[in-house]
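A short worksheet on the structure shown next.
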Amino acid sequence: MKQLTTTAGNPVGDNQNSLTAGERGPVLMQDYYLIEKLANQNRERIPERTVHAKGSGAYGTLRVTNDITKYTKADIFSYIGKETPLLIRISTVAGEKGAADAERDVRGFAIKFYTKEGNWDLVGNNTPVFFISDPYKFPDFIHTQKRDPRTNMRSNTAQWDFWSLSPESLHQTTILFSDRGLPSDLRHINGYGSHTYSFINKDNERFWVKFHFKTRQGIKTMTNEEAAIVVSKDRESSQRDLFEAIENKNFPKWDMKIQVMSETEAKNYKYNPFDLTKVWSHKDFPLIDVGVVELNRNPNNYFNEIEQSAFSPSNTVPGIGLSPDKMLQARAFSYPDAHRYRLGTHYEMLPINQPVNEVNNYHADGSMNFSDIKQESGVKYEPNSFNGPKENPIYKEPSLEIFGDADRYDRTLDNDYFTQPRDLFNLMSKDQKNQLFGNIAASMSGVPKEIIDRQMALYEKISTEYADGVKRALDV
Ligand code: NDP
């Protein structure tokens, strides 16, 4: 039998009866363990994530199946057959922590690879694109997804007002309101790194890269009506599906693939390859196999291992880097900042976030800092004469050529926000198109006419068939 203790390890003699002055008398303040229990209970909740609050996660591995070392020197891809442990957290975006799983929403698809060169986090979605391409719009966009300040309810009007004034959102909203915008669960979705990242090879050459994770389970989706039935019976349908599949050893798998673009190709590509609202066509940049991701172990403690997991696109490893994507740069700041607020300054010392290799730096102090006890040298400054950790120029990235003036560039000058949604629309079957029209019309319920008209004008620019379909569904 394990001995029950206080947080200081002091054995507890009675955990059922509080210490009172006489059998019928009041509780004595010196009943410390009672006070510790109540105080801990008051501190059980931490701020939920502003976005992606509701998520599910599991452990697994990446196994490399193809040699991509000509593009990257990253150790994780160093040989065929190499396996790297990982953690995945998949989430909805808008709903709070208690929201139902079966909602129409983008799914966050965040992976932490525990490599021997530190953690590599790939923090993407189940969509290859996003609603906006400039981080100035990010807080405003998220406000349209959250509760209206006055009614305290989600607002269709806010969403369509913003989208109809932000034509770059057409591609992502076409995915969101297609059948794929309401996945049946988390195993039957693709994942995408979404942003453009960089690869650097052993000759210090840079390539631009996009990451894709194609589900081996196949895509499975629900209609709004099917989801309503699921939610009425089970608000945790995705959590249950993933947890039970793994418990039953039905391990979900994804094929990891990449698209690669040279720096010269990037200069000449018909689209800005760093625009998060656009894909790189597979015809122009075919998918290249990399490996297989498998999820095969559930966490033991959801809070410690999933709620406290903290992913950031700023966590890159030698051979993998960022790109000039404005949204990526903003996320490289805002994700760690969110975790410092949500979990505390030293969130990366939490066991789930700790890299497998040694961490050495000159950061000092801060609340809940539990690293120093292990450190051999107390030196907290550089340069120093006491053999402190040192940089190594082999990890410097090649320089990146920049051209143009520092300015604020009007996003509407690159205004082809229509070709790629049209390509996607043209891929859809008749049934998928009808679902798209119906889903858009349903979400426009209560939206003022002038906002709908503005959005309809955007659909006209994609195609008459698209606009007419939505109009018909609205009339119904
Ligand atoms: P391809 O025909 O080579 O690729 C089409 C892609 O679209 C496939 O990856 C397919 O994924 C995916 N797809 C099919 N139906 C849907 C849907 N309803 N919602 C979301 N994705 C879907 O063409 P291109 O590469 O030239 O791209 C054409 C259009 O396909 C793009 O404009 C974009 O909207 C969409 N797309 C493109 C991707 C890319 O990276 N190029 C990735 C995802 C979508 P699957 O194999 O899983 O069926």
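The values are calculated or read from the model by the stated rules, or taken from the named source; none is laboratory data. Worth saying up front: this structure is predicted, and the values here are computed from it rather than measured. For neighbour counting, all protein chains shown are included, and Cβ atoms are generated from backbone atoms with ideal geometry for every residue, glycine included. What goes into the accessible areas is simple: the full protein's heavy atoms, side chains included, and nothing from ligands, DNA or RNA. Shrake-Rupley method; radii C 1.70, N 1.55, O 1.52, S 1.80 Å.
Scan region 294-306 and tell me whether some residue there is under 24 Å from GLY218 (Cα atoms), within 15 Å of the ligand (Cβ to nearest atom) and not in a loop (DSSP other than H, G, I, E, B). Within region 294-306 (the criterion being under 24 Å from GLY218 (Cα atoms), within 15 Å of the ligand (Cβ to nearest atom) and not in a loop (DSSP other than H, G, I, E, B)), the answer is no, since none of the residues qualifies.
Look at (1) under 30 Å from GLY181 (Cβ atoms); (2) open to solvent by 70 Å² or more (accessible area, probe 1.4 Å) and you find that SER385 fails only one, number (1).
Of the residues LEU343, LEU350, LEU295, the single one that is touching a Pro at 6+ places or on another chain (Cβ under 8 Å) and modelled with pLDDT of 95 or more is LEU295. Within region 312-324, one or more residues are touching a residue at least 60 places away in the same chain (Cβ under 8 Å) and over 22 Å from ILE76 (Cα atoms). Taking the criterion of being in a helix (DSSP H, G or I) and more than 12 Å from the ligand (Cβ to nearest atom), the residues of region 161-187 that qualify are ASP161, PHE162, TRP163, SER164, PRO167, GLU168, SER169.
SER238 - would you say it is outside the structural domain of LYS433 (by TED's automatic domain parsing) and in a strand (DSSP E or B)? Considered against the rule, which asks whether it is outside the structural domain of LYS433 (by TED's automatic domain parsing) and in a strand (DSSP E or B), SER238 comes out as no. Among the residues of region 201-217, the one identified as more than 14 Å from the ligand (Cβ to nearest atom) and either without any contact (Cβ under 8 Å) to a residue 12 or more places away in the chain or farther than 23 Å from GLY319 by Cα (or both) is ASP203. Within region 406-431, residues that are closer than 17 Å to LYS326 by Cα have Cβ atoms under 7 Å from residues that are more than 8 Å from the ligand (Cβ to nearest atom) and open to solvent by less than 80 Å² (accessible area, probe 1.4 Å) in these pairs: ARG411/SER133; ARG411/ASP134; ARG411/GLU168; ASP414/ASN272, counting only partners at least 6 apart in sequence or on another chain. Of the residues making up region 188-200, those that are part of a strand (DSSP E or B) and within 11 Å of the ligand (Cβ to nearest atom) are GLY191, TYR192. As a summary of the residue check, LYS116 satisfies the conditions (1) open to solvent by 30 Å² or more (accessible area, probe 1.4 Å); (2) within 16 Å of the ligand (Cβ to nearest atom) except for the one numbered (2). Of all the listed residues (LYS267, LYS220), the sole one being open to solvent by 40 Å² or more (accessible area, probe 1.4 Å) and either among the polar types (S, T, N, Q) or touching a residue at least 24 places away in the same chain (Cβ under 8 Å) (or both) is LYS220.
Out of TYR79, TYR59, one residue alone is open to solvent by 10 Å² or more (accessible area, probe 1.4 Å), under 16 Å from ALA310 (Cβ atoms) and either in contact with a strand residue (DSSP E or B) (Cβ under 7 Å, 6 or more places away or on another chain) or among the hydroxyl-bearing types (Ser, Thr, Tyr) (or both). It is TYR59. On the given criteria, is SER323 in a loop (DSSP other than H, G, I, E, B), open to solvent by less than 50 Å² (accessible area, probe 1.4 Å), modelled with pLDDT of 95 or more and not charged (D, E, K, R)? When the stated conditions are applied, SER323 passes them. Within region 389-430, being part of a helix (DSSP H, G or I) and away from the ligand (no atom under 11 Å from the Cβ) holds for PRO393, ILE394, TYR395, ARG411, THR412, LEU413, LYS430.
Of all residues in region 460-476, which are in contact with a helix residue (DSSP H, G or I) (Cβ under 6 Å, 6 or more places away or on another chain) and under 18 Å from ASN156 (Cα atoms)? Passing the criteria: VAL470, ALA473, LEU474. Only one entry in ASN357, ASN369 is exposed (fewer than 15 other Cβ atoms within 10 Å of the Cβ), out of contact with any strand residue (DSSP E or B) (no Cβ under 7 Å at 6 or more places or on another chain) and either at pLDDT 95 or above or assigned to a loop (DSSP other than H, G, I, E, B) (or both), namely ASN369. Selection of region 256-283 for residues being assigned to a strand (DSSP E or B), under 23 Å from the mean Cα position of the chain (by Cα) and not aliphatic (A, V, I, L, M) yields LYS257, GLN259. With respect to the stated conditions, ALA457 is of a type in the set (Gly, Ala, Ser) and open to solvent by 20 Å² or more (accessible area, probe 1.4 Å).
When ASP275, ASP241 are checked against the criterion of being within 30 Å of GLY319 (Cα to Cα) and open to solvent by less than 60 Å² (accessible area, probe 1.4 Å), ASP275 stands alone in meeting it.
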